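Nothing in this text is a laboratory measurement; each read-out follows from the coordinates by a stated rule. Note that the structure is predicted; figures quoted are calculated from it, not measured. Positions of Cβ are generated from backbone atoms using ideal geometry, with glycine treated the same way; all protein chains shown enter the neighbour counts.
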Amino acid sequence: MNRVSLTRYLVEKQREKGLITAELRLLLEVCARACKAISTAVGKGALAGVLGEAGSANVQGESQKKLDVIANETLLEANEWGGHLAAMASEEMDHPYPIPNRYPKGGFLLLFDPLDGSSNIDVNVSIGTIFSVLRAPENGEADEAAFLQPGHRQLAAGYAVYGPSTLLVLTVGDGVACFTLDRETGSWLLTRDQIQIPAQTREFAINASNARHWEPPVKRYIDELLAGKEGARAQDFNMRWVASMVADVHRIMTRGGIFMYPRDRREPGKPGRLRLMYEANPMAFLVEQAGGAATNGHQRILDIVPTQLHERVAVMLGSREEVERVSAYHQPG
Ligand code: F6P
Ligand code: MN
């Protein structure tokens with residue numbers, strides 16, 4: 001079967017639809033290549049000595065795994081010399097990474113969570129990479145402030161899932177496509193296009209161990225799901241929680257569902273666990289492009305104006321009707 005490669009998919013978006021420039025196409029190809037290299041390292045696991053702790057911590061105070069560091073370096077090295085970027089920012093780096101002076105600079109900013117779902121690395125459960133592309137400001141400044149743009153300004157976003165197969169799920173603002181890595185030829189081949197998340201679902205994903213800390217709207221929503229047929233919803237709901245956002249979101253991309261990491265009352269200064277710029281925004285862009293919705297309960301994720309690079313945010317995303325319902329529960333009155 002003659003499948004469409006990632007390169008051809010992107011060339012067509014550029015040539016036929018004029019949706020992306022050649023520079024953005026090349027940048028996305030480099031990101032995909034970096035994900036391929038990360039997939040290879042993930043796949044070797046203990047044989048390559050890449051499992052376990054790195055012995056360091058990131059800006060969030062979370063301990064870094066060896067693969068967090070390897071994935072971060074892989075993305076930096078792959079992207080620093082191509083001439084497409086003004087700077088990069090990562091979950092694993094306190095501050096933006098400027099393009100070294102020995103290389104040309106370009107007009108884009110790249111943000112990434114190099115290895116999402118770190119707690120699953122050592123137990124051989126799906127993990128992934130999430131990335132987001134923004135335009136750099138015209139003045140050429142690529143400091144932290146340059147990154148603080150709302151998610152609706154993203155030019156492209158994607159994630160790779162390192163699971164039983166390695167997948168790349170991508171949007172350039174013209175729907176969502178999924179590519180599967182052919183491990184023998186090293187090509188990314190289109191296996192789903194124009195993905196649509198069903199508007200309704202009977203499946204939800206939340207870390208229920210935090211239930212006692214949830215705010216009332218989330219508690220009400222989840223209690224109603226748990227009450228099943230006998231409750232207000234008059235139907236049973238199933239629960240799944242992989243604890244890798246990429247894997248949980250990918251399930252929703254495949255068969256629908258709602259994913260929630262709400263804010264809770266433990267640390268009032270931290271609105272949620274997930275990070276806006278390189279987790280929530282790219283996933284929200286992808287989910288909306290697939291016909292779903294993404295909110296923090298009060299506001300569309302893509303409309304939030306960030307104030308910090310590593311800002312946290314509550315996330316509720318997936319099947320539109322469920323996301324709308326839980327948002328409605330957050331409205332006063
Ligand atoms: O990046 C944060 C993350 O690992 C997500 O991938 C995942 O959804 C979540 O944290 C898991 O959180 P918890 O450890 O509370 O289940
Ligand atoms: Mn993550």
(request) Would you grab the residues whose amide H sits under 5 Å from the one on Ile20? Only those 5+ places off in sequence or on another chain, please, with H modelled 1.01 Å from N. (result) Gln14
(request) For the stretch 6-192, just say rounded, prolate or oblate: build the C-alpha gyration tensor, square-root its eigenvalues into a ≥ b ≥ c, call rounded for a/c under 1.5, and beyond that prolate if a/b exceeds b/c, oblate if not. (result) oblate
(message) Using only DSSP helix segments of four residues or longer, with each worth -39500 (n - 2.57), what per-residue ellipticity at 222 nm results for the chain after dividing by its residue count and rounding to 500?
(response) -9000 deg cm²/dmol
(request) Take Glu62, project a point 7 Å from its Cα along the Cβ direction, then tell me which residues of the stretch 26-41 have their backbone nitrogen under 19 Å from it. (result) 35, 38-39
(request) Could you tell me, in Å, what Rg and Dmax come out for the Cα atoms of the chain? (result) 19.3, 66
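Which pairs in the list Lys13/Lys44; Lys13/Lys65; Lys229/Lys270; Lys66/Lys270; Lys65/Lys270 are over 29 Å apart, alpha-carbon to alpha-carbon?
Numbers: Lys13/Lys44 34 Å; Lys13/Lys65 37 Å; Lys229/Lys270 35 Å; Lys66/Lys270 26 Å; Lys65/Lys270 23 Å.
Beyond 29 Å between Cα atoms: Lys13/Lys44; Lys13/Lys65; Lys229/Lys270.
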(request) For the chain, find the longest principal axis of its Cα atoms and tell me its angle to the long axis of helix 66-80, 0 to 90°, nearest 10. (result) 50 degrees
(request) Determine, for each peptide in 124-135, 305-316, the mean count of other beta carbons within 10 angstrom over its residues, then list the peptides with the highest first. (result) 124-135, 305-316
(message) So for each of 257-267, 157-167 I average, over its residues, the number of other beta carbons within 10 Å; can you give me the resulting order with the highest mean first?
(response) 157-167, 257-267
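Relative contact order for the chain using alpha-carbon pairs under 8 Å, separation at least 6, rounded to a whole percent?
15 percent
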(request) Could you work out the relative contact order of the stretch 6-192, using alpha carbon pairs under 8 angstrom and six or more residues apart, expressed as a whole percent? (result) 15 percent
(request) Take each of the peptides 287-294, 104-111, 183-190, average the number of other beta-carbon atoms within 10 Å over its residues, and list them starting from the highest. (result) 287-294, 104-111, 183-190
(message) With both bridge residues required to lie in the stretch 6-192, what share of the DSSP beta bridges run antiparallel, to the nearest 5%?
(response) 90 percent
(request) Multiply the residue gap between Thr191 and Glu77 by 0.36 nm, knock off their C-alpha separation, and tell me the result in nm, one decimal place. (result) 38.2 nm
(request) Kindly identify the stretch 121-188 as rounded, prolate or oblate by the Cα gyration tensor criterion: order the square roots of the eigenvalues as a ≥ b ≥ c, call it rounded if a/c is under 1.5, otherwise compare a/b with b/c, prolate if a/b is larger, else oblate. (result) prolate
